1. Just for helices (runs of 4 or more DSSP H) wholly inside the stretch 31-93: which have at least 1 residues that are over 23 Å from Arg11 (Cβ atoms), small (Gly, Ala, Ser) and open to solvent by 50 Å² or more (accessible area, probe 1.4 Å)?
2. State whether one or more residues within the stretch 9-27 are farther than 14 Å from Glu72 by Cβ, over 12 Å from the mean Cα position of the chain (by Cα) and surrounded by 16 or more Cβ atoms within 10 Å (Cβ to Cβ).
Amino acid sequence: MHPQVDIRKIRDRYFNYSVSTGSADERHVREGLRSVAECLHDAATALSHHFTVAVLSYEGRRLGKYRIASMEHDTLALADALHVKLNADHDAA
């Protein structure tokens, strides 16, 4: 079982994310972060003591499984890669 991290853009430079584990309705929610990278790093910091991999999604669109160490230590590169993936998926649709 991997935690699910869903990032949502509320407005320019204002993002929220939630983390859920398993089928429980309980979610950890963090609001008001300034970027996708900040969401990734914050979630990784919270999860790194208990998990090695998380499933990432953006506004409900699943992006895949990613190492929490990458979320925490290669944050900007991963945020850029996710942005490219989202744009490629959008262009293909």
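1. 36-47, 75-92
2. yes
The values are calculated or read from the model by the stated rules, or taken from the named source; none is laboratory data. Bear in mind the structure is a predicted one, so any value in this text is a computation, not a measurement. No Cβ is skipped: glycine too gets one built from the backbone with ideal geometry, and neighbour counts run over all protein chains shown. Just the protein is used for accessible areas: all its heavy atoms, side chains included, with ligands, DNA and RNA removed. Shrake-Rupley method; radii C 1.70, N 1.55, O 1.52, S 1.80 Å.
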